[in-house]
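To start, the structure under review is shown below, and the notes come after it.
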Amino acid sequence: MIELHGLTKRYGEKTAVDDLTFRVRPGVVTGFLGPNGAGKSTTMRMMLGLDNPTGGDVRIDGKRYDQLHEPLNYIGALLEAKAVHGGRTAYNHLLCMAQSNGIPRRRIDEVLDLVGLTGVAKKRPKGFSLGMGQRLGIAAALLGDPKILMFDEPVNGLDPEGIHWIRNLMKQLADEGRTVFVSSHLMSEMALTADHLVVIGQGKLMADTSMADFIAENSRTYVRIRTPQPEALRDALGGEGLTPTPVADGSLEVEGADAARIGELAARRQVVLHELSPQRASLEEAFMRLTAESVEYHAHTTSGTSGAADASGAAPPDGGEAAGSEAGAWGSGWKKGD
C-alpha cells in the first residue's frame with residue numbers, strides 16, 4: 001500500500017503539489033489522472049524519494065522509500081523509459097539493477113521473456129524503438145517481483161498488441177493482490193484498465209473514488225428515445241412528471257428515469273419506440289467536466305494549421321503519433337511476451 005499524508009511540494013512561490021492525502025490500495029488498478037501541470041509526475045517522484053517534499057509524508061508499506069532495504073523488492077516503477085545507460089545491453093542494464101538489490105540472475109531472464117525482449121537481450125537500448133524501451137522499463141519495474149508497482153504512461157509507444165498486453169498484465173498483477181498505480185493521458189485506455197481513480201488538478205486532490213462513481217458523479221446521464229409518435233410519448237412522460245428534451249436529429253432525451261421505466265410506460269400507452277438507449281458520458285467527458293477549471297495549459301487551433309501546441313510550446317508528453325511504432329523496429333520473427 002502507498003499512503004500519502006498532506007504531501008506538499010513547492011518550487012519557490014509555485015506550489016506543484018498541495019496537501020495531497022490518499023491511499024493506493026492493493027488488489028485494484030488505481031488510475032492517477034490530471035491535466036498537464038497538475039503535479040502527477042512530481043507526486044510520483046516524491047513517492048520514490050527522487051524529490052523531497054516541502055511538507056507531508058509518503059509511506060510504502062508503512063516506511064519511507066529511503067528506509068526500504070533493497071527497494072526494488074518492495075516497489076517497482078516505470079517513470080522514464082529512456083533512463084537507461086545506452087552503452088549497456090538490455091541484459092546488463094537489468095543485471096546492474098539486480099546486483100544492487102540482491103535479485104538472482106534467473107529473474108532477469110524471466111522478466112525479459114515476460115516483456116518479449118529475450119531476442120534482443122544482448123543489444124544496446126540506444127537502438128531500441130520507443131515501444132521496445134517501454135518494455136525494458138516495464139521489465140525493470142518487475143525485476144524484484146515487488147508487491148507495489150507504479151507506471152507513468154506505460155502504453156507510450158506500444159503497438160495495439162503491446163497495449164493489450166500491458167493492460168492485461170496490470171489487471172493480472174492487481175488480481176494477485178499487488179498494488180498497481182498507473183498514470184496516463186489516454187482516457188480510453190484508462191477506462192479499460194483502472195478500477196479506482198485518483199484525480200488531481202493544480203496539485204490538489206479533486207477525486208478519490210471508483211471508476212463507476214467518478215463517471216456517474218461528473219457526467220450527465222439520460223435516455224435517448226426515437227419514436228414515430230412523439231406527441232403521444234410526451235403526454236405519457238408528462239403524466240409521470242418527466243419532461244423530454246427534443247434534439248435536432250429528431251430524437252428525445254429524458255433525464256430522471258431509466259430506460260426500463262420509460263419502456264414500460266411506452267408499452268402501457270402503446271407508443272411505438274424505434275430507439276430506447278441509456279446514454280452515459282465516457283471517462284474522458286467526465287474528466288474534462290471535473291478538471292475544466294484546473295487546466296493550466298490550453299491548446300488553440302488557428303486557420304491553416306493541422307494541429308495545436310500547448311501554451312508552453314512543448315510537444316505532447318505522451319508521444320502520440322510522433323513516436324515511432326515498435327512494430328517497425330522489431331521486424332518479423334521476434335517474440336513477444338503475452
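Bear in mind that the values in this text are calculations on the coordinates, not laboratory data. Here the structure is a predicted model, which is why all the values come from computation and not from measurement. Note that we place each Cβ from the backbone using ideal geometry, even for glycine, and neighbour counts take in every protein chain shown.
Using R0 = 41 Å, the C-beta based FRET efficiency linking HIS5 and ARG124 works out to 0.45.
What you get for segment 222-279, charging only the Cβ of Lys and Arg (+1) and of Asp and Glu (-1), is a dipole of about 140 debye around the Cα centre. The phi-based Karplus calculation (6.51 cos²θ - 1.76 cosθ + 1.60; θ = phi - 60°) puts the 3J(HN,Hα) values of segment 11-23 at 10, x, 8, 8, 9, 7, 10, 10, 6, 7, 9, 6, 10 Hz, whole numbers, x for Gly and Pro.
Placing unit charges on each Cβ (+1 for Lys and Arg, -1 for Asp and Glu) gives the chain a dipole about its Cα centre, and among GLN172, HIS93, ILE225 the Cα reaching farthest toward its positive end belongs to HIS93. For the chain, take the longest principal axis of its alpha carbons; what is the angle in degrees between that and the long axis of helix 130-142, to the nearest 10 within 0 to 90? Its long axis makes an angle of about 70 degrees.
Which one is right for this structure if mean projected area of the Cα convex hull in nm² is calculated from it: [x] 19.4; [y] 22.4; [z] 28.7? Given [x] 19.4; [y] 22.4; [z] 28.7, the structure-derived one carries the label [y]. Working from label points 7 Å from Cα in the Cα-to-Cβ sense, the ASP66 to ALA260 distance is 5.7 nm. Each label point was placed 7 Å from the Cα along the Cα-to-Cβ direction; for ASN52 and ARG269 their separation is 6.9 nm. Near the amide H of LEU149, within less than 5 Å, lie the amide hydrogens of GLY76, THR179, VAL180, PHE181, all on another chain or at least 5 residues away, with H placed in the peptide plane.
When only the Cβ of Lys, Arg, Asp and Glu is charged (+1, +1, -1, -1), the dipole of the chain relative to its Cα centre reaches about 1180 debye. With only the Cα atoms considered, segment 132-264 has a convex hull volume of 189 Å³ per residue.
Using 0.36 nm per residue, how much length does the chain from ARG105 to SER210 gain when fully extended, once their Cα-Cα distance is taken away? Intermediate values should be presented prior to the final figure.
Numbers: separation 105, 0.36 × 105 = 37.80 nm, distance 3.90 nm.
Taking 0.36 nm per residue and subtracting the Cα distance, the gain is 33.9 nm.
The phi-based Karplus calculation (6.51 cos²θ - 1.76 cosθ + 1.60; θ = phi - 60°) puts the 3J(HN,Hα) values of segment 179-187 at 8, 10, 10, 9, 10, 7, 8, 8, 5 Hz, whole numbers, x for Gly and Pro.
Sparsely packed loop sites in segment 20-103 (the trypsin sites (Lys or Arg not before Pro) outside DSSP H, G, I, E and B with at most 16 other Cβ atoms within 10 Å) comprise ARG64, LYS82, ARG88.
Shown is the FRET efficiency for ARG59 and GLN172, computed with R0 = 25 Å from the Cβ-Cβ distance and rounded to the nearest 0.05: 0.45. In order along segment 4-9, phi translates into HN-Hα couplings of 10, 10, x, 5, 9, 9 Hz, rounded to whole numbers, per the Karplus curve 6.51 cos²θ - 1.76 cosθ + 1.60 with θ = phi - 60° and x for Gly and Pro. Within segment 172-222, the trypsin sites (Lys or Arg not before Pro) that combine a DSSP coil assignment with at most 13 other C-beta atoms in a 10 angstrom radius are ARG220.
Given their separation in residues at 0.36 nm each and the Cα-Cα distance between them, GLU13 and ASP235 gain 73.9 nm when the chain is fully extended. Using only the Cα atoms of segment 68-107, build the gyration tensor, take square roots of its eigenvalues as a ≥ b ≥ c, and label the shape rounded, prolate or oblate: rounded if a/c is under 1.5, else prolate if a/b is larger than b/c, else oblate. Oblate, because a/c is 1.5 or more while a/b does not exceed b/c.
Here, segment 222-279 is characterised by an Rg to Rh ratio of 0.89, where Rg is the alpha-carbon radius of gyration and Rh the Kirkwood radius. Projecting the Cα positions of SER251, VAL272, LEU237 onto the charge dipole of segment 222-279 (unit charges on Cβ atoms of Lys, Arg, Asp and Glu, taken about the Cα centre) puts VAL272 furthest along the positive direction.
Multiplying the residue separation of GLU217 and LEU276 by 0.36 nm and removing their Cα-Cα distance gives an extension gain of 19.0 nm.
Under 23 Å of direct C-alpha separation, and excluding same-chain neighbours fewer than eight residues apart, LYS63 reaches these lysines: LYS9, LYS40, LYS147.
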